[in-house]
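Following: one structure in structure tokens, then a few remarks.
Just so it is clear, none of the values below were taken in a lab; they were calculated from the coordinates. Here the structure is a predicted model, which is why all the values come from computation and not from measurement. So basically every Cβ, Gly included, is an ideal-geometry build from the backbone, and we count neighbours across all protein chains shown.
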């Protein structure tokens, strides 16, 4: 029998979907940030959430 092929299972899978609504100005600022820092919108939002949680400590 051949070994399994495909991607290995992730340690912390990203399996939660979240819908967020922004006004146009916020979205434009987010897009500018993403372009400047070379990240996706999702990654930028994750970074923002992590920053908020770290400030709370």
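Candidates in segment 17-53 are the residues that are under 11 Å from the mean Cα position of the chain (by Cα) and assigned to a loop (DSSP other than H, G, I, E, B); of these, the one that is surrounded by the fewest Cβ atoms within 10 Å (Cβ to Cβ) is 17.
Scanning segment 5-18 finds one or more residues that are on the phi > 0 side of the Ramachandran plot and out of contact with any strand residue (DSSP E or B) (no Cβ under 9 Å at 6 or more places or on another chain).
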